[in-house]
Amino acid sequence: MKKLLLLSALLILTTSSGQTNFGKEFIFSKEFADADNNLKVSSYADASLETGLTYKERQEVINKSRLLIKSNSNDTSENIGVMESFAPPSWEMLDFLKSNFLKAQQMLIKKGIYAELIDSGVKTFKGKYTYVYIESKTSMYNETPRFTNTYFLSIKKKYFQIVINTFNDLKLEDVLVGITK
């Protein structure tokens, strides 16, 4: 469980088996499309190796995730990751996320990466789905800052994490069109 939490935290800041039906409850704008199988596997491979996950654990993460990239592109620098979450959204989760962000922020500074917590809280999507969110901006040296907006929500007792990595600070409401039941 601790390894999966580490991978989750790493993907929040860096995100970038086959494309399963996992996360198909979420209907995203046409600006993003599902990444092909090879791109998805390679995008998650480096992050999962850094956490020390076993091959079986890496496969589980890959099979319980969905990667979307900008339509008509193979560039993963702007992406949406949908993963299984470890818990339902709650105020306690928000406190946990903020605390871990601040710890990660100190580690990143030592590597020359600036990370800023922009906003966090609890909101509702379309008046129906409560979610916890944490919005951040990272930059390295003189590179263009990248925004990472992470959302935790539950649908029919299934818990999800949605991570949106973009250069123009897209939010959940900008990219999520709807949720099917």
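Rule-based calculations on the coordinates, nothing more; no lab input. None of these values were measured; they are calculated from a predicted model. Cβ coordinates were reconstructed from backbone atoms using ideal geometry, including for glycine residues, and neighbour counts include every protein chain displayed.
Values computed for the structure shown
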item	result
Of the chymotrypsin sites (Phe, Trp or Tyr not before Pro) in segment 69-176, those whose Cβ has at most 12 other Cβ within 10 Å and which sit in DSSP loop	Tyr141, Phe167
GluC sites (Glu not before Pro) within segment 100-155: DSSP coil, no more than 15 neighbouring Cβ in 10 Å	Glu143
Lysines with Cα under 23 Å of Lys123, excluding same-chain neighbours fewer than 8 positions away	Lys24, Lys98, Lys137, Lys156, Lys157, Lys158, Lys171, Lys181
Ascending count of other beta-carbon atoms within 10 Å, so fewest first, for Met107, Met93, Met83	Met107, Met93, Met83
